[in-house]
1. Where the only charges are on Cβ atoms (+1 Lys, Arg; -1 Asp, Glu), what is the dipole of the stretch 379-458 about its Cα centre, to the nearest 20 debye?
2. Test of understanding: what is the full-extension gain from Val91 to Ala451, defined as 0.36 nm times their sequence separation minus their Cα-Cα distance?
3. Suppose every K and R has +1 on its Cβ and every D and E has -1 on its Cβ; what is the size of the dipole of the stretch 49-144 about the Cα centre, in Debye to the nearest 20?
4. Read phi for every residue in the stretch 326-334 and hand back ³J(HN,Hα) as whole Hz from Karplus 6.51 cos²θ - 1.76 cosθ + 1.60, θ = phi - 60°, with x for Gly and Pro.
5. What are the ³J(HN,Hα) values, in whole Hz, obtained from phi via the Karplus relation 6.51 cos²θ - 1.76 cosθ + 1.60 with θ = phi - 60°, for each residue of the stretch 104-120 in sequence order, with x given for Gly and Pro?
6. Can you quote the Å³ per residue value for the convex hull of the Cα atoms in the stretch 104-192, rounded to an integer?
7. Could you check the spin-label model distance between Ala115 and Gln279? Points 7 Å from the Cα along Cα→Cβ, value in nm.
Amino acid sequence: MSVGADTRPEAADGTRRRARTVLVVLALFIVVNAADKAVLGLTADPIKAELGLSATEFGTIASSFYLLFSLSAVSVGFLGDRIRPRPLLAVLALVWAAAQLPILLPATGFGALVATRVALGAGEGPGFPLANYTAFTWFPEKRRALPSAVVVAGGAGGTVLAAPLVVLVSNTLGWRAAFGMLGAAGLVWTLVWLRVGGGGPYAAHLGPGPADDEAPADGELPADDVPAARTDDERPAAAVPFLRVITTGTWLGATFSTFAVMWTLSLGFAWLPLFLEEQAGFSDAQVSGIVGLPALSMAVLVLSAGAVAHRLLRGGVTARVAQGLLGALLPLFAGVCLLLATRAGPTALLLPLLVLAFSAGNGQTPLTNAAIADICPAGRRSAALGLSYALAALSSLFAPYVTGRIIDAAPTEAVGYGRAFDLAACLLIAGAVLSALLIRPDRDALGLLAAHPAPSAASCLPPASSLSPASGTSPAPPAASASGPDAEPSAKE
């Protein structure tokens, strides 16, 4: 596998412009993805009233979204290493639209809502990891944290944009019209993606010819982006068993922490609007504005964490610090805020705590995604990201239903919400501790390389985060770079 380079300045500029365009469209893809998730919680009150649903029944509808979510994420994740991004993402967006539009029919009730949410979840399961994977094909290893943060921030933008619009459409045209509006948005995005989307020059070569025949004519590697020596993109995927990748501490720590973060996110999507209305006493209009605050906070934290990690890696800090320890602080902070939220008295204190509790944890996501990507050869990357996301998303299958059961079983709804929020907080704190202990991309990349070396030593260096940013030279051989199994190589070695 090889990646060509075009040293012409105009070619480099064209690639950069195309990379930025594709990144923006991918962020919009996640905007629609997040809005599709949020619409059920934002219209929960009229849905429960019209269909006469209990808390457990509503939780069942919310959880059904994730029934095929993980299976789909894994299956399509493996396809992402073999099929070009353009048709894959277009098909997913069409599935989203097809699942939302039938809800416009007046006969759609509890059973139909469950069925359409299952279909929607099957289409959305692979969306986030494939969007990340596609973004990574436009950027080299040491520049992936920030693009991943932009994709993740699209989820926050989806909630910010969707909340007031969904509530407005629901109040004026009925809750079913809100679902139809998002189905139409999926169709529009598909047309835009087919026009401007595609994979980039950092995709793995799966056969003869260019890395992705969708790349523009001038879409070769910019001269200043060509690494001194290629890293995992030139290591044959077959040289590294997939089981070996997913048993690294980095992959396991990132997956469990994301499990806890996604539990909290699905809890927020399904139950936070109802909590704000039924327990905190806010009106529909106020709730539509408040639920966007965690999304705004999430966007700021995600982009800030990605930018800080990017700067630290470029400055020679190890990936364990930039991606592992820095990332762990965010879900830890979110868990503490969630523990305090249900114990806060005045509303002035409750709202900031809720905003931080439902936003800070997701700031870790781009860092864990980049950590997993950095330890994988390109031919394993989509599958590794997809499986990690799929297992983490199992939390989203259980969280809404478990919350409904907890609320129905509690002596009062207020007590039930408190118990459900405490459970989510404990998961966040546990995930933060494990990720701080296990996420060590530098060590795990060197371990994979030492155990499964490529035929040519010159083409198999550890991730760019372990190279000197000044010289681009390689570190010492793996056996000499660490004195023991837990030694952490320096980024400047």
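1. Details: 6 positive and 5 negative charges, 61 e Å.
So the dipole magnitude of the stretch 379-458 works out to roughly 300 debye.
2. My answer for the length gained is 125.8 nm.
3. That gives a dipole near 540 debye.
4. 4, x, 5, 5, 6, x, 4, 5, 4
5. 5, 6, x, 6, 5, x, 4, x, 5, 4, 4, 4, 5, 5, 4, 5, 4
6. 107 Å³
7. 3.5 nm
Read the figures in this text as sums done on the coordinates, not as results from a lab. Everything numeric in this text was worked out from a predicted model, so none of it was measured. Don't worry about glycine lacking a Cβ; one is built from the backbone with ideal geometry, like all the others, and counts go over all protein chains shown.
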